[in-house]
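Contents: one structure, followed by commentary.
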Amino acid sequence: MNQNASLSAPPRRTRTIALLGLAVLVMASAVFVVRRPLMMAAPMCVAGRWHGCFDTFNGVVLMTLVALPPAALVVWALARRRRAAGVASAWRMSLAEVGLVHGTVPFLWMTLMPGAGVGTVPPRVSLVPLRDLVTMGPFGIAGNLLVFAALGFFAPMRFAALASVPRILALGAGCSALVETAQYVLRLDRVSSVDDVLVNAAGAVLAALASRRWWRTTAEAPSDQPRPAPAPAG
């Protein structure tokens, strides 16, 4: 029996539980701080009305939080199915897939949410780096950092080809450039700014660095395949 492995398992489990508890505490604190704005959109969302819920930042954030338990259930179902099939790293893969989608789609929705002058106000472009950064404010910068944070955090955990900082930087910048282009083409009454691309890409990189210890390296690439059954003893 490998005593080192048995001794290292409890501390690792304790560390994981502590990290999960800290994440829940941080999320609960954030919800408590913004509870009043969220409750403003709650009646519209409960009534299933589009206006006042899905076309507002508060409503989208509220529905994202409400969708957390179903997302956790999807993670559990995917992981259980993969473990039954003998797939290694089943929990990590399932969490990465669901977290990537659940953490990115709401921010994309808010980023592409049209303004009051949609379709009538001419498209605006800002191509001078750092000019708009001073006008974003702390909340604007924080919001832009979070747009592709889930992508940067979970993508290298799921895909070995993305397990490097330059690739995550390129991915975040490319996705942000597509969003800014869509804002311009669709005339959403938003400013397509190069600073948004820079901050979005920076957020993806910072999130990727935070999850670096769980990245799926090239050596682990075949781990999503079912483990072969052991050969019968002859």
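The values are calculated or read from the model by the stated rules, or taken from the named source; none is laboratory data. From a predicted model like this one, the values you see are computed outputs, not experimental measurements. Neighbour counts run over all protein chains shown; Cβ positions are idealised from the backbone, glycine included.
Key figures for this structure:
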quantity: Trp76 vs. criteria surrounded by 12 or more Cβ atoms within 10 Å (Cβ to Cβ) and within 24 Å of Asp195 (Cα to Cα); calculated: no
quantity: Residue match in the range 80-101 (condition: within 22 Å of the chain's Cα centre (by Cα), more than 21 Å from Ala182 (Cα to Cα), surrounded by 14 or more Cβ atoms within 10 Å (Cβ to Cβ) and among the acidic types (Asp, Glu)); calculated: yes
quantity: Matching entry among Ala155, Ala177, Ala161, Ala182 (being closer than 13 Å to Thr104 by Cβ, out of contact with any strand residue (DSSP E or B) (no Cβ under 6 Å at 6 or more places or on another chain) and in the same structural domain as Gly119 (by TED's automatic domain parsing)); calculated: Ala155
quantity: Residues within the range 156-209 that are small (Gly, Ala, Ser), in a helix (DSSP H, G or I), buried (at least 18 other Cβ atoms within 10 Å of the Cβ) and more than 17 Å from the chain's Cα centre (by Cα), tallied; calculated: 1
quantity: Some residue of the range 136-144 being outside any helix (DSSP H, G or I) and either surrounded by fewer than 21 Cβ atoms within 10 Å (Cβ to Cβ) or in contact with a Phe, Trp or Tyr (Cβ under 7 Å, 6 or more places away or on another chain) (or both); calculated: no
quantity: Test result for Gly115, out of contact with any Pro (no Cβ under 7 Å at 6 or more places or on another chain) and on the phi > 0 side of the Ramachandran plot; calculated: no
quantity: Filtered residue count, the range 164-194, keeping only those that are charged (D, E, K, R), farther than 23 Å from Val134 by Cβ and at pLDDT below 95; calculated: 1
quantity: Residue within the range 95-103 that is in a helix (DSSP H, G or I) and charged (D, E, K, R) present; calculated: yes
quantity: Residues being touching a residue at least 40 places away in the same chain (Cβ under 8 Å) and either in contact with a Gly (Cβ under 8 Å, 6 or more places away or on another chain) or among the aromatic types (Phe, Trp, Tyr) (or both) - total across the range 149-197; calculated: 13
quantity: Condition check for Arg124: of a type in the set (D, E, K, R) and in contact with a strand residue (DSSP E or B) (Cβ under 8 Å, 6 or more places away or on another chain); calculated: yes
